[in-house]
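A quick write-up on the structure given underneath.
The values are calculated or read from the model by the stated rules, or taken from the named source; none is laboratory data. Fair warning: this is a prediction, and the values are worked out from it, not measured in the lab. Side chains included, ligands, DNA and RNA excluded: accessible areas come from the protein's heavy atoms. Shrake-Rupley method; radii C 1.70, N 1.55, O 1.52, S 1.80 Å.
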Amino acid sequence: MKPLLTIAIPTWNNLDQLGWCLKSLFKYTEYPLNVIIVDNGGKGEVKFELDLGNNINNKLPITVIEPKENLGWMGAINLALKDCETEYFCMLNDDVVFLPNQLGFWRVFLSNLDEEKVGAVNPCSNFVAGAQSLMFID
């Protein structure tokens, strides 16, 4: 099935949390998606880890982009956006962890973009150091 969603994940010297993010993404969600990791000013550690097979994803494409310098979060997102070929694009922090029983997360999330008047959806923090929830504003 052709991917409908690209998830861009900027990272900078955060290999452990990125690993948790990717493992939970692939284990607890299900959707035809691409993942683009921007290793901001990295030294190839992300690509090395993925090449070693530490990436549990054998079914979803992961692209690692390695700019020569740290572009910052938004610069990394802009770089990933240039590589996006899907209808939907999601910006994700490298410290996000998906919880069990979230298989339908992306379907619910993206279903809100089917309405013509909605151009973007974002999370609402109701407890910054703990649980997060999505709030859809009409």
So which lysines can K43 reach, going by Cα to Cα under 17 Å and dropping same-chain residues fewer than 8 places off? K68
Probe 1.4 Å, all chains present, heavy atoms only: W12 accessible area in Å², nearest 10, is 140 Å²
